[in-house]
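Just so it is clear, none of the values below were taken in a lab; they were calculated from the coordinates. Please read all numbers here as calculations on a predicted model, not as lab measurements. Positions of Cβ are generated from backbone atoms using ideal geometry, with glycine treated the same way; all protein chains shown enter the neighbour counts.
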Amino acid sequence: MSRETTLVEPTIARSVEAARTAVGAAREAGQRIGLVPTMGALHEGHLSLIDHARHSCDFVVVTIFVNPTQFGPRDDFSRYPRTWEADLEFIRERRSQLVFAPSAEEMYSACHSTVVRPPKVAETLEGEFRPGHFTGVTTVVLKLMQIVAADVAFFGEKDFQQCLVIRDMVRDLNVPVEVNCCPTIREPDGLAMSSRNQYLSPDDRQQALSLNRGLELAKSMVARGEREVSAIEAAVRACIEASGAGSIDYVAIRDSDQLGFMDVLDRPAVLLLAVHVGSARLIDNTRLDV
């Protein structure tokens, strides 16, 4: 499907009822529904998800909701970028039909007390460093899936662990939606696109490039025949530390299905990073298939 240049004014739904009404009309018309959940501050990574949705669906719903329940007390909820007008312009250009942008009060009533316990794959890595984060993610994503009742939901592989968490939640709870995890989109210099890149100063950004350099180093080591996980992890950690970046939460090679520990690369794997750079906490990853 080629991208049209004409702008299309999407319907904006602020309430659950309005969103369900709009999606219901599309469903009655026999349209295939695509869901792109976001927290706003849209960039080309998000827009690529919308493009994927438009290629395979007739009616695309983009949600914009900065979900408070997935932020911990030391996270950046209060300063997370909120760029509504710019976001809406991007969505117009990508010709999505519906924007669901509820308030926190609309999503979580005063008596709200039910949460979704994340699957086992959530317990490690981000689950260790951001306690409660994935409970917030699974709860809000399931709510959005219930509200929109999409055929397909689109997520970015930059949040690799989140993709696995949502995949397993959908499987375990028999949610009738296909989960499509799309490739990470990068800046020309290799930095993975993220709303939190806005926090980076010019010096921070130079340090942040060490994440992608570390990923490329790992891939080159594997290509040369290295299979010892500890050796690859140590080399990547040294690469990032040499840049002067801040503290490293993890440099971890895990199996790419359930994030299990590995000693040697004897099955499909993924290298995952979480590094503090300036005031931003950045994550990135790459597959290490052998």
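Annotations for the structure displayed:
- Rounded if a/c under 1.5, otherwise prolate or oblate - the chain, Cα gyration tensor axes: prolate
- Remark: the Cα gyration tensor places the range 132-290 in the oblate category, a/c being 1.5 or greater and a/b not exceeding b/c.
- What you get for the range 47-87, charging only the Cβ of Lys and Arg (+1) and of Asp and Glu (-1), is a dipole of about 160 debye around the Cα centre.
- Karplus-derived 3J(HN,Hα), 6.51/-1.76/1.60, for each residue of the range 226-237, Hz, glycine and proline x: 5, 10, 7, 4, 4, 5, 5, 4, 5, 5, 5, 4
- Sorted ascending by nearby beta carbons within 10 Å, beginning with the fewest, Glu9, Glu226 become Glu9, Glu226.
- Charge tally in the Cβ shell below 13 Å around Arg267, where Lys, Arg are +1 and Asp, Glu are -1, Arg267 excluded: -2
- Note on the range 244-290: with charges restricted to the Cβ of Lys and Arg (+1) and Asp and Glu (-1), its dipole about the Cα centre is near 180 debye.
- Summary value for the chain: 17 percent relative contact order, contacts being C-alpha pairs under 8 angstrom separated by 6+ residues.
- Here's how it looks for Ala13: its modeled amide H is under 5 Å from those of Val99, Phe100, Ala101, which are all 5 or more places away or on a different chain.
- Considering only alpha-carbon pairs that sit under 8 angstrom and 6 or more positions apart, the relative contact order computed for the range 195-288 is 32 percent.
- Unit charges at the beta carbon, dipole of the chain: most positive-side option, Pro131, Met193, Leu98: Leu98
- ³J(HN,Hα), Karplus 6.51/-1.76/1.60, whole Hz, each residue of the range 77-86, x for Gly, Pro: 4, 5, 10, 4, x, 10, 10, 4, 5, 5
- For Lys219, the aspartates and glutamates whose Cα falls under 13 Å of its own Cα, not counting residues fewer than eight places away in the same chain, are Glu228, Glu233, Asp289.
- Total charge dipole magnitude, the chain, about the Cα centre, Cβ charges on Lys, Arg, Asp, Glu only, Debye to nearest 20: 260
- Between the range 62-80 and the range 213-231, the alpha-carbon center distance in angstrom: 34
- Taking amide hydrogens as placed 1.01 Å from N in the peptide plane, the amide H of Met39 sits under 5 Å from those of Phe65, each at least 5 positions away in sequence or on another chain.
- Only DSSP H runs of four or more residues enter the estimate; each adds -39500 (n - 2.57), and after division by the residues of the chain the mean residue ellipticity at 222 nm equals -12000 deg cm²/dmol.
- Cα-based shape type of the range 11-182, given that a ≥ b ≥ c are square roots of the gyration tensor eigenvalues and the cut on a/c is 1.5: rounded
- Karplus-based coupling profile of the range 189-199, in residue order and whole Hz: 8, x, 5, 5, 5, 7, 4, 6, 4, 5, 6, with θ = phi - 60° in 6.51 cos²θ - 1.76 cosθ + 1.60 and x standing for Gly or Pro.
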